[in-house]
Amino acid sequence: MSLQHTMKKTVLMEGVGLHTGMPIKLEIRPAQDNFGIQFTRSDLTKAQPIRASYENVTNTRLATTLGTGKNFVSTVEHLMAALAGFGIDNAHILVGGPEVPIFDGSSAPFVEQIKRSGVETQQMNRPTLVITRRVELKIAEKWAYVEPSNQFEIHSTIEWDHPMVGFQELSYIEGKNSFDEIARARTFCFARDIESMKTLGLIRGGSLDCAVVLSETGCLNSDGLRYNDELVRHKVLDAIGDFKLAGLQIAGSFRLHRSGHDVHYQLLKAILKDRRNYEIVGADQATELPLMRLAASY
Ligand SMILES: [Zn+2]
């Protein structure tokens, strides 16, 4: 049985938003037991906090977005992954704009700040969402499934006809593999897609400082890749961040092929819509998270 965790200290960061191109302030505050991860837009007056839950996902194109109307926060996945990597259950995140800053396109800047703050062990037990049977999903050439396991595992494969990609595979088992080796992997895109994304008003803050950009034959970044398999590592990173939107620690083994935010979200939804796919274990009696209310209503 493990206990819940939060940050030891508040952390302040500032960086450019990938899509708006604007400087955005970010504050990660410690929070009490059972608070979960919640985002508040500090640039809007009296904005309601948005719980980091799959139920609040409103867009999965290029990034994961939470919230509706004006009260939304986009590109939450790399920060969520860093929180997951350090086992942070409870944190209040204040964001001074519509997206979490992109920084270098990886989770490394968040990891650095979490390490600087330190992690605080809390009083209450940490409930776990235990996968009890296989759930699968297929969207065009992408597929994904989850099976029971006593730990959180991600096995990811990608396949692109590109000299720097080809077939790549990577397994991440929480507690066995170093999260740091995943955290440093940057997001990536193809140079040929950049113009169309800019035409759509996206990636105004995009540059070679915040992504790996692939040309038809190589990589435009002068320093090249951080790892030969940086792309599949980043796929694993995105998955860790997106699956944290379950709102609980997960025990299950995920297999993902060419997956993206849409696949992660749809798979999580498919798991959680049927109570026979999972059980929640290890919660204190006083603990009542939204997902547990849902589970109890079956
Ligand atoms: Zn990403």
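The values are calculated or read from the model by the stated rules, or taken from the named source; none is laboratory data. On a predicted model such as this, the values are computed, not experimentally measured, just so you know. Here the Cβ is made from the backbone with ideal geometry for all residues, glycine too, and neighbour counts use every protein chain on show.
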Exercise. If we scan region 206-228, do we find a residue that is of a type in the set (F, W, Y) and surrounded by fewer than 19 Cβ atoms within 10 Å (Cβ to Cβ)?
Worked result: yes
Seminar exercise, completed: Quick count over region 55-88, residues being surrounded by fewer than 23 Cβ atoms within 10 Å (Cβ to Cβ) and more than 16 Å from the ligand (Cβ to nearest atom), is 11
Exercise. Would you say G282 is touching a residue at least 24 places away in the same chain (Cβ under 8 Å), of a type in the set (G, A, S), on the phi > 0 side of the Ramachandran plot and not assigned by TED's automatic domain parsing to the domain that holds E141?
Worked result: yes
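This table checks each residue for (1) closer than 28 Å to I271 by Cβ; (2) touching a Leu at 6+ places or on another chain (Cβ under 6 Å).
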{"position": "R61", "(1), (2)": "yes, no"}
{"position": "F72", "(1), (2)": "yes, no"}
{"position": "H78", "(1), (2)": "yes, no"}
{"position": "G85", "(1), (2)": "yes, no"}
{"position": "I93", "(1), (2)": "yes, no"}
{"position": "G97", "(1), (2)": "no, no"}
{"position": "P109", "(1), (2)": "no, no"}
{"position": "P127", "(1), (2)": "yes, yes"}
Exercise. With respect to E153, is the statement that it is over 15 Å from K235 (Cα atoms), in the same structural domain as I271 (by TED's automatic domain parsing) and among the acidic types (D, E) true?
Worked result: no
Exercise. Of the residues in region 231-251, how many are more than 10 Å from the ligand (Cβ to nearest atom), among the small types (G, A, S) and either part of a helix (DSSP H, G or I) or at negative phi (or both)?
Worked result: 2
Problem set entry | Those residues of region 185-203 which are more than 17 Å from G17 (Cα to Cα) and surrounded by 18 or more Cβ atoms within 10 Å (Cβ to Cβ), in sequence order | A185
For this session: Starting from region 176-203, take each residue that is over 22 Å from N228 (Cβ atoms) and list its partners that are of a type in the set (D, E, K, R) and not in a helix (DSSP H, G or I), counting only C-beta distances under 8 angstrom and pairs at least six apart or across chains.
Result: R192/E216; K198/R204
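Within region 185-205, track down each residue that is of a type in the set (F, W, Y) and touching a helix residue (DSSP H, G or I) at 6+ places or on another chain (Cβ under 9 Å).
Matches in region 185-205: F188 only.
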Seminar exercise, completed: Restricting attention to region 106-129, the residues that are more than 16 Å from the ligand (Cβ to nearest atom) and not in a loop (DSSP other than H, G, I, E, B) number exactly 15
